[in-house]
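What follows is a set of notes on a single structure, which appears directly below.
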Amino acid sequence: MTTPEADLNRLHAWLKAAAERGAVPVVCGANGDMDTVASAVGLASALPQAMACGRHLGRLAKRLVEEEQAPFRRLSRPTAWPASLGGLVVVDAAAPSQLDLDLPEGVPICVLDHHATDGWDLNSEDLSLRWPVSATTEIVTAYLSRHAPEALTLPVRRLLMAGLITDTGRFKHAGSSSFQSAVALLDDDGLDYRGLVDRIETDADLTSSDHGALLKGLQRATTTDAGSWRLVTTRAGTLEGRVASLLLGTGADVCFVVRHRDGRTRVTGRARAQACRDGLHLGQLFESLAEVHGGEGGGHDGAAGWTSNLDRVAAETAALAAVASTNRSEVKD
Ligand SMILES: [Mn+2]
């Protein structure tokens, strides 16, 4: 049984050893959401040899990284890594495929993650910290508080808090550890929480083409009884997560948004908290679909995705069948 403190000590030792060997890129997940980007920026700020980097910056992350003037390097494919790598840290990515990068060979890897599924195949010189917390920024906050408190500057704390706010769905999916992390980040004065929430909410301002895409996604929605679950399915080419969340608000247990592009089909899933308590786990469901039909799948119980080479109808049918065959065991609040 390992304690969080022992985990953090191991992480500290791993980072120190990696920094002595060379550069330490801290790589975020390709979706570039606020949690993954803030985790990378926060952790990298503790180590001169480290640099936050990744394939994409999501809309909110891009804006806040610019506003906070946080160092972040965009990577491309084929991926050019520094000549002498001491180690590679990966934050908030459940599998190598979620980085959308060409990973270097023979470099020790450290994974910090909070997803329920784990697609990493690690060696003895590698390290994995997978905590059952609501955001990866919680792990980074715990690490910095214990081993590098000077790195918890105001910009870093604001970014970490933004990652925590967004990954917990404004604390709707927060566990007790999330509130402890929030207190740790607020502890010092100077962090204007209300102002930060306002800055995050500004991101809800959509362009008129985004607005049109959302409405189209809602119009195309159809509802099905998948076994004992009420399932809503639709198609959308953008903002899939947001379309799915809006559709959940109509009273569905689970929602799938399907996007087909360049021969690949992505199924984005969201499930209500009560459906998850009743036994639905989308991360595991998509992980097993990927094992059977190929592609990459995984994530959290209530928010997950699966990308494969199936066509749209085949992917949608497979996902529906997987939900229908999941038993519902009603758990009262
Ligand atoms: Mn996350």
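The values are calculated or read from the model by the stated rules, or taken from the named source; none is laboratory data. As the structure is a prediction and not an experimental result, all values here were calculated from the model. FYI the Cβ positions are ideal-geometry reconstructions off the backbone, even for glycines, and counts take in every protein chain you see.
Residues in region 70-83 include at least one that is surrounded by fewer than 22 Cβ atoms within 10 Å (Cβ to Cβ), outside the structural domain of THR268 (by TED's automatic domain parsing) and not in a loop (DSSP other than H, G, I, E, B). Going through region 295-313 one residue at a time, which ones are farther than 16 Å from ASP118 by Cα and free of Cβ contacts under 8 Å to residues at least 40 places away in the same chain? Once the filter is applied, which keeps residues that are farther than 16 Å from ASP118 by Cα and free of Cβ contacts under 8 Å to residues at least 40 places away in the same chain, region 295-313 yields only VAL313. Restricting attention to region 213-244, the residues that are without any contact (Cβ under 8 Å) to a residue 60 or more places away in the chain, within 21 Å of GLY279 (Cα to Cα) and surrounded by 16 or more Cβ atoms within 10 Å (Cβ to Cβ) total 3.
Taken over region 18-35, residues that are part of a loop (DSSP other than H, G, I, E, B), more than 13 Å from GLY163 (Cβ to Cβ) and either within 16 Å of the ligand (Cβ to nearest atom) or basic (Lys, Arg) (or both) amount to 1. The single condition among (1) away from the ligand (no atom under 16 Å from the Cβ); (2) at pLDDT below 95 that PRO108 does not satisfy is (2).
Does THR238 meet the test of being among the hydroxyl-bearing types (Ser, Thr, Tyr) and touching a Cys at 6+ places or on another chain (Cβ under 9 Å)? So THR238 does not fit the description; no. The single residue among SER176, SER128 that is in the same structural domain as GLY29 (by TED's automatic domain parsing), more than 13 Å from the chain's Cα centre (by Cα), under 23 Å from ALA46 (Cβ atoms) and not aliphatic (A, V, I, L, M) turns out to be SER128.
In the set VAL313, VAL243, only one residue is part of a helix (DSSP H, G or I), over 20 Å from GLN98 (Cβ atoms) and under 19 Å from the mean Cα position of the chain (by Cα); that residue is VAL243.
Scanning region 115-128 for residues that are in contact (Cβ under 8 Å) with a residue 60 or more places away in the chain and either within 16 Å of ARG10 (Cβ to Cβ) or within 13 Å of the ligand (Cβ to nearest atom) (or both) turns up HIS115, ALA116, THR117, LEU127.
For region 281-310, the tally of residues that are part of a loop (DSSP other than H, G, I, E, B), farther than 21 Å from ALA221 by Cα and touching a Ser or Thr at 6+ places or on another chain (Cβ under 9 Å) stands at 5. Taking the listed residues ALA95, ALA40, ALA80, the one that is modelled with pLDDT under 95, within 16 Å of the ligand (Cβ to nearest atom) and of a type in the set (Gly, Ala, Ser) is ALA95, with no other qualifying. Here TRP131 clears all of (1) surrounded by 21 or more Cβ atoms within 10 Å (Cβ to Cβ); (2) within 16 Å of the ligand (Cβ to nearest atom); (3) touching a residue at least 24 places away in the same chain (Cβ under 8 Å) except the condition numbered (1).
Within region 18-46, residues that are assigned by TED's automatic domain parsing to the domain that holds TRP131 and among the β-branched types (Val, Ile, Thr) reach partners that are within 16 Å of the ligand (Cβ to nearest atom) and outside any strand (DSSP E or B) with beta carbons closer than 6 Å, at six or more positions or on different chains, in the pairs VAL26/ALA40; VAL26/LEU43; VAL27/LEU99; THR36/GLY29; THR36/ASP92; VAL37/ALA61; VAL41/LEU159.
Kindly indicate the residue of region 134-158 that is within 15 Å of the chain's Cα centre (by Cα) and within 16 Å of ALA44 (Cα to Cα) and also nearest to the ligand (Cβ to nearest atom) among those meeting that condition. Here the answer is THR136.
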